[in-house]
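In what follows, a structure is listed as structure tokens, so that the remarks can point back to it.
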Amino acid sequence: MEKITVPTTSLFVCSSRLFVTNEYVGKVLNNPNSTDDEMKSIQEFRRRYNSSLPNLLDHYSKILVYDPYSYYFCNTDESTLIVSNVMDKFHSMYPCFFETELFKKEVLEVIKFPTDLAYKELKNYVLNSPSPMMSWTMLNSQGLLIHMLLRTKYIDDFVQEKINEGFEQFVILGAGLDSRGYRLPFKSGTTVWEVDFPEVLNYKQFVIGNAEIPKVSQANNVFITSDLLQSKEWTSRMDSTGFNRAKKTIWILEGLVFYIDREGTSLILKTVNSMSASGSGILYETISKRYSYHEKLNPMITLFRVDMITTTETPTDLLEDLCFTKDVKSLSEIDTQILYNVKKEDDNEPHVPTSFTIAYKQ
């Protein structure tokens, strides 16, 4: 396989936000009661809008999020290559999966893709689609899109709450293609640090630099290229770029913990603890060992699960021996559905069995 310059997981998460963004734009365009401000806010994405995509999130229309940067991240040669490679890898592992009646019914029919194609024909259909959204739709599936919407919405709301409370230091560890530092209304005087491997942040910086999007955030954005397990390296770079250990800070670890072993996770959390003033907050995501029904239908999550080396049924245990003991809470995906009043009565199965834990330092 050809070398990919940005991790598959980063683009996969981004592609989910792209689909959600497309549905948000469609909602605004098709609503006769949309305000002038709403119409203005989607202006940069309007010409990218794809009305031919299936409406998979109608039940969740009240909580849709808007991330215009996602289009630019996914509309690259690297993105197309990843779609191709993922399909080939999954097909080599499970040769008949894409042609099973279950996959056709639960995935292809739902997203309105042809159900009578052999694997090579299906792959050509996907790769030759004119829109990056169409290329990624099959790999996401409805269940994963719902999960990523809930995840993005919950973390967006948490960050917005902390902006309103006056926090001026935010750190995103394992930042991937997270665009919150650009699309959320951070105030002037705020700094958003993003820490990740060089190949991720170099790709991100290149794409953002060429995106035709007015920046909503007034924050100073600082990229720290480093391996998070090299604590002295990335913390010293943060210190040298203005990080103030005496100021309270918000730390975001989205989609990170399950890719790092317990020892590495402990190292990262202890480092966060040592850099955090009293009143600082942390949000991290964990995943259960148990597979949900929805996961078993999705090629992407099946591949990612192989690399998820840390699972837990008790997320708050990761805070043991740390000072983040104030206002600790964990919400499962089902809890977030209830929080946003979007849980379906007949579905008690999470799309992905993750939990979000929030805690503050004493």
> What number of residues within the range 129-156 are surrounded by fewer than 24 Cβ atoms within 10 Å (Cβ to Cβ) and at positive phi?
Replying inline: 0
> Can you name every residue in the range 46-95 that is under 18 Å from Thr152 (Cα atoms) and among the aliphatic types (A, V, I, L, M)?
Replying inline: Leu56, Leu57, Ile63, Leu64, Val65
>> Within the range 161-169, does at least one residue satisfy the condition of being crowded, with 21+ Cβ neighbours inside 10 Å, in contact with a Ser or Thr (Cβ under 7 Å, 6 or more places away or on another chain) and more than 22 Å from Tyr71 (Cα to Cα)?
In response: yes
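On the basis of being more than 20 Å from Ser135 (Cα to Cα) and in a helix (DSSP H, G or I), does Glu23 make the cut?
Against the criterion (more than 20 Å from Ser135 (Cα to Cα) and in a helix (DSSP H, G or I)), Glu23 does not qualify.
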> How many residues are among the charged types (D, E, K, R) and modelled with pLDDT under 90 if we restrict to the range 80-98?
Replying inline: 1
> Taking interchain pairs and intrachain pairs at least six residues apart, which have beta carbon atoms under 7 angstrom, with the first residue in the range 210-229 and touching a residue at least 60 places away in the same chain (Cβ under 8 Å) and the second assigned to a loop (DSSP other than H, G, I, E, B)?
Replying inline: Ile213/Pro68
> Among the candidates Ile250, Ile301, which residue alone is out of contact with any Pro (no Cβ under 9 Å at 6 or more places or on another chain), outside the structural domain of Glu161 (by TED's automatic domain parsing) and surrounded by 17 or more Cβ atoms within 10 Å (Cβ to Cβ)?
Replying inline: Ile301
> So which strands (runs of 3 or more DSSP E) are wholly in the range 152-266 and hold at least 1 residues that are in contact with a strand residue (DSSP E or B) (Cβ under 9 Å, 6 or more places away or on another chain) and closer than 23 Å to Thr76 by Cα?
Replying inline: 191-196, 220-225
> Pick from the range 314-337 the residues that are out of contact with any strand residue (DSSP E or B) (no Cβ under 9 Å at 6 or more places or on another chain) and within 22 Å of Leu144 (Cβ to Cβ): which of them is surrounded by the most Cβ atoms within 10 Å (Cβ to Cβ)?
Replying inline: Gln337
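The values are calculated or read from the model by the stated rules, or taken from the named source; none is laboratory data. Only a predicted model underlies this, so the values are computations on that prediction, with no experimental measurement involved. Neighbour counts are summed over all protein chains in view; Cβ atoms, including those assigned to glycine, are modelled from backbone coordinates with ideal geometry.
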